[in-house]
1. Can you compute 3J(HN,Hα) from phi for each residue in the range 191-201, using the Karplus curve 6.51 cos²θ - 1.76 cosθ + 1.60 with θ = phi - 60°, rounded to whole Hz and x for Gly and Pro?
2. In nanometres, what is the gap between the two model label sites at Asn45 and Thr338, each 7 Å from Cα along Cα-to-Cβ?
3. Applying a 10 Å radius around every beta-carbon, put 193-202, 208-217, 149-158 in order of their mean neighbour count, most first.
4. Compare the peptides 341-349, 327-335 by average per-residue count of other Cβ atoms within 10 angstrom and give them in order, highest first.
5. Counting only residues 5 or more places away or on other chains, whose amide H sits under 5 Å from the amide H of Asn128 once H atoms are built in the peptide plane?
6. Residue by residue, what Karplus-based ³J(HN,Hα) values in Hz, rounded to whole numbers, does the range 28-35 have, using 6.51, -1.76 and 1.60 with θ = phi - 60° and x for Gly and Pro?
7. Between Leu265 and Gln197, what length comes free when the chain is fully extended (0.36 nm per residue of separation minus the Cα-Cα distance, one decimal in nm)?
8. Can you tell me which of 288-300, 91-103 comes out highest on packing, and rank the rest after it, using the mean Cβ neighbours within 10 Å?
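Rule-based calculations on the coordinates, nothing more; no lab input. Worth saying up front: this structure is predicted, and the values here are computed from it rather than measured. Quick reminder, even Gly has a Cβ in these numbers, built from the backbone with ideal geometry, and neighbours come from all protein chains shown.
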Amino acid sequence: MKVKNKLFFMGLLWLIIQPIAIANPYFYPYIQRYSNCSITVLEDNSVQVSFRAHHADTPFDPHKIQYNQGRGNIPNSEAITLTPNQAMLSIYVYKTDGTPDLSIPSHAISDIYLNGINPISTNNNTQNIKFDGGSDVFSNTYYDVSFRIAANALQSIRIGATVGGVLNIGEQQYSLFSSNGVSFGSSGKQCAHFYPQTSGAPDEMTIDPKFSLSPATWQLGAIQLDELLNTDTHSINHEQVEFCINYQTRGIRETAKYNIQINNLNGLSPNSNYFQLKDGDKVIHYQIEQFNYDGSVDQFPNSYGRMMELATLHQIPEQSVNENICFSAEINLFSTETTDKGSYSDTLNFTITPLS
């Protein structure tokens, strides 16, 4: 049964190659399956891709070409082999709308490895990357592949790939890729089907954004105690600060909405209307009035938080990977029966949760 499969395989190669221009790559499903598939967004916002491609049986064995359509052997046919010391990689990238992105230059893809070696040439073509490593490098029954794509090179994380070899026919060489490629699913951790010749764009990878707050510390400075104690309402608008929530736009869903809630280390006042600045047993109450980017105002503490809608990558000019949403906030202070001289502090926690 194995011999019959090999003969059919090589006969089909002859039928494919004979009528097509030399410049075109050729495809055959000689990759059996994929494993260890992963896409990861790194700290510098670049995208790391890796997978393992498992060969079908004995892909490098030489074979005589013959038709299996009742035509008999081809006169003067020669053995065809996949060169055992060379391999190929083809990378496919897609835009947000699902169309192929052919604008990515080869230098935007770095740290390319196949079984631990770098390519000898990309020919400025990310779909025809060639490796030459000696027969021992490619003698495994699989290819381990990894590469990294620069932060601003992608409109969306829609990536497919396939591997291949160099096919010898007489004195001519041709790029032969597996028609069974791989993509990575919406989680970036699946080995999903991808067919370079026929399939559309792979599923777009979506990720939960990583948020950071700046500045991380609000230093309010000195408070005039007499002013606070003698105010009729026992409150003053002490200080206005600005803060920003920073995040990565890459991989965010177009309808990404989140809720911001603020809680604190020292806890709330007995009636839950105020946060508490403390110095030992001494307490100053405070509230935060948050002036939002849409012109509205929210007062914290509250029980409902604040809704925030994130901009996605394709909504932002020049494909900015980093984005922020900024607010201004006014700190309103209120004296209590224990308010006196001291050094008061509190820690605020901003909890951001996705809305369904």
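1. Rounded to whole hertz, the list is 9, 9, 5, 8, 10, x, 7, 10, 7, x, 5.
2. Modelled inter-label distance: 4.6 nm.
3. Working: 193-202: 15.9, 208-217: 12.3, 149-158: 20.7.
For the peptides 193-202, 208-217, 149-158, the packing ranking is 149-158, 193-202, 208-217.
4. On the way: 341-349: 12.7, 327-335: 18.7.
The most tightly packed comes first, giving 327-335, 341-349.
5. Residues meeting the amide H criterion: Ile91.
6. Using θ = phi - 60°, the values come out as 7, x, 8, 8, 7, 6, 10, 8 Hz.
7. On the way: separation 68, 0.36 × 68 = 24.48 nm, distance 5.76 nm.
Taking 0.36 nm per residue and subtracting the Cα distance, the gain is 18.7 nm.
8. Numbers: 288-300: 13.8, 91-103: 16.5.
In descending order of packing, they fall as 91-103, 288-300.
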